[in-house]
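The values are calculated or read from the model by the stated rules, or taken from the named source; none is laboratory data. Source: prediction; values computed, not measured. Reconstructed Cβ throughout: ideal geometry from the backbone, glycine too, with neighbour counts over all protein chains shown.
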Amino acid sequence: MLVLDVTDPYNPAEVARFFDNSPEFIESNGGNSHDFWDVSEILGEPWIYGATAAGGLRVFLEQGSGSGQAQPSK
């Protein structure tokens with residue numbers, strides 16, 4: 001999952017990224033690597049939701065506006 005700042009649509013900037021290719025992640029995801037089908041956020045809330053094709057939901061906590069520090073919640 002990439003988070004892009006498109007304030008300037010002619011110069012988008014990557015501000016955060018999530019990629020976990022560990023055996024634990026792949027096992028927890030039904031043997032599949034990353035497969036986000038939808039990512040959404042409710043404005044004003046710190047949570048980012050990522051739905052996977054395997055029927056999973058990953059919830060991330062934004063660590064600051066534009067900080068590039070999005071981390072999976074525990």
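Give me the pairs, please: first residue somewhere in segment 40-59 and closer than 14 Å to residue 28 by Cβ and free of Cβ contacts under 8 Å to residues at least 60 places away in the same chain, second residue anywhere and among the charged types (D, E, K, R) and surrounded by 15 or more Cβ atoms within 10 Å (Cβ to Cβ), beta-carbon distance under 9 Å, and either six or more positions apart or on two chains.
50/58; 52/58
Residues being at pLDDT 80 or above, among the hydrophobic types (A, V, I, L, M, F, W, C) and surrounded by 12 or more Cβ atoms within 10 Å (Cβ to Cβ): count how many of those fall in segment 19-68.
7
Can you list residue pairs whose Cβ atoms sit under 9 Å apart, with the first residue in segment 5-31 being farther than 12 Å from residue 52 by Cβ and the second being acidic (Asp, Glu) and loosely packed, with under 12 Cβ neighbours inside 10 Å? Count only pairs 6 or more apart in sequence or on different chains.
5/14
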